[in-house]
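A short write-up of the structure that comes next.
The values are calculated or read from the model by the stated rules, or taken from the named source; none is laboratory data. Bear in mind that the values here come from a model prediction, so they are computed numbers and not experimental data. Quick reminder, even Gly has a Cβ in these numbers, built from the backbone with ideal geometry, and neighbours come from all protein chains shown. Just the protein is used for accessible areas: all its heavy atoms, side chains included, with ligands, DNA and RNA removed. Shrake-Rupley method; radii C 1.70, N 1.55, O 1.52, S 1.80 Å.
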Amino acid sequence: MMKILTPKFLTLSAVLMASCLLFFSGTAIAQEYRFDPPWNTPPESEVQFTVPGVDNVPDLFGDINDPQLVVFFAGNQFMVIDELIAAFKKAHPQYQRVFAETLPPGILAKQIATGSIVIGNLRITLKPDVYTAGKNRIDQTPEWFSKTALYARNKLAIMVQKGNPKKVKGLKDLGNKDLRISMPNPDFEGIGKRIEEAYVKAGGTKLKTSVMETKLKAQTTFLTQIHHRQSPMRILYDQSDAAPVWYSEAHYQKMIGHPVEMIEIPEQENIHAQYIAGQLKNTPHPAAAKDFMDFLVSAEANAIYKKFGFDLP
């Protein structure tokens, strides 16, 4: 005998089916964004509304309203911000409202030069007290600064997926035609030009041409605009097989338990960076700027940078 489903049974079945669909679709959505930033710990607030892929601003930190100190950091230092700013506030309790940006240094330089930046629908016109970047970038605008100081160093490494499924051994392998590369765009980020130097050291102009021209045309090289976010995410979401990055960036992804591996680059092929902090001549908060410059070269700050994979001056 055919069983007739009653409206009550149909309603219950529909609810159960809808619940299953919501559960599995919710799981898919959660999985889709499981590696999305921010990777730092957000500030405390009774209202937390970070929506991955929609409302998520990982490179703006702290108090944008009436800050007592504004610092523009070269983007690849985002991982030190939590501990560094907390330690600075503890050492100088008179400064509790601190705002920091960790965008590519070239973008930050344009923001300083033009006086503003727009991210999404947000316009920021805050002037920095301190700007940090690689030495080459700082040397381009010496007239901006009343004081500069070397506070950290870095070197290159290659980030790959957990287990290194493509068996990447070094920079020369990045020229392989089928290997998908995430590469900083030299037009936007200084690290791109430094990596190009490393290609030449490792495999001559042939390797550089292969990665930056041949593979770019074949779409197996992807150029980022903000590599310290895009490159790890492309590795984590299996959109790229390998990404040349700063050592500290691969170190950090491993530190927080993301499924990546680091391939170290031998000294004879590597490139080293020097990070310089500059106190702006027209700083809005001169006392705070001076105190932060002094703190940045202190033993306490050095220890924080070392923890996150940076080399010390």
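See the values below:
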| quantity | calculated |
| --- | --- |
| Residues of the stretch 276-313 satisfying the condition of being more than 20 Å from PHE99 (Cβ to Cβ) and either hydroxyl-bearing (Ser, Thr, Tyr) or touching a Cys at 6+ places or on another chain (Cβ under 7 Å) (or both) | SER298, TYR305 |
| Count of the stretch 114-139 residues which are closer than 12 Å to PHE72 by Cβ and surrounded by fewer than 21 Cβ atoms within 10 Å (Cβ to Cβ) | 5 |
| Complete set of residues in the stretch 256-306 that are over 19 Å from VAL70 (Cα atoms) and of a type in the set (D, E, K, R) | GLU261, GLU264, GLU267, GLU269, GLU300, LYS306 |
| Sole residue being at pLDDT 90 or above and either of a type outside the set (Gly, Ala, Ser) or under 14 Å from the mean Cα position of the chain (by Cα) (or both), chosen from PRO67, PRO43 | PRO67 |
| Residue list for the stretch 128-145, filter: over 23 Å from ASP63 (Cβ atoms), assigned to a strand (DSSP E or B) and not small (Gly, Ala, Ser) | PHE145 |
| All positions within the stretch 238-279 that are without any contact (Cβ under 8 Å) to a residue 40 or more places away in the chain and under 20 Å from ALA198 (Cβ atoms) | GLU267 |
| Test: LYS172 is charged (D, E, K, R) and within 30 Å of GLU261 (Cα to Cα) | yes |
| The stretch 96-132, residues that are of a type in the set (Gly, Ala, Ser), modelled with pLDDT of 95 or more and under 23 Å from PRO184 (Cβ atoms) | ALA100, ALA109, ALA113 |
| Which listed residue, of ALA87, ALA133, ALA109, is out of contact with any strand residue (DSSP E or B) (no Cβ under 7 Å at 6 or more places or on another chain) and within 16 Å of LEU296 (Cβ to Cβ) | ALA87 |
| Single residue of the stretch 82-97 satisfying the filter (in a helix (DSSP H, G or I) and without any contact (Cβ under 8 Å) to a residue 40 or more places away in the chain) that is nearest to PRO128 (Cα to Cα) | ILE85 |
| Selected residue (only one of ALA288, ALA277, ALA273 is more than 20 Å from the chain's Cα centre (by Cα) and of a type in the set (A, V, I, L, M)) | ALA288 |
| Selected residue (only one of PHE49, PHE35 is of a type in the set (A, V, I, L, M, F, W, C), open to solvent by 70 Å² or more (accessible area, probe 1.4 Å), modelled with pLDDT under 95 and not in a helix (DSSP H, G or I)) | PHE49 |
| Considering residues of the stretch 62-72 that are open to solvent by less than 10 Å² (accessible area, probe 1.4 Å) and in contact with a helix residue (DSSP H, G or I) (Cβ under 7 Å, 6 or more places away or on another chain) only, the residue nearest to ASN121 (Cα to Cα) | PHE72 |
| Among the candidates ASP59, ASP82, residue that is open to solvent by less than 50 Å² (accessible area, probe 1.4 Å), at pLDDT 95 or above and not hydrophobic (A, V, I, L, M, F, W, C) | ASP59 |
| Residues (of a type outside the set (S, T, N, Q) and in contact (Cβ under 8 Å) with a residue 60 or more places away in the chain) located in the stretch 98-111 | LEU103, PRO104, PRO105, GLY106, ILE107 |
| Failed criterion for PHE145 (all others in (1) touching a Lys or Arg at 6+ places or on another chain (Cβ under 7 Å); (2) closer than 30 Å to LYS215 by Cβ hold) | (2) |
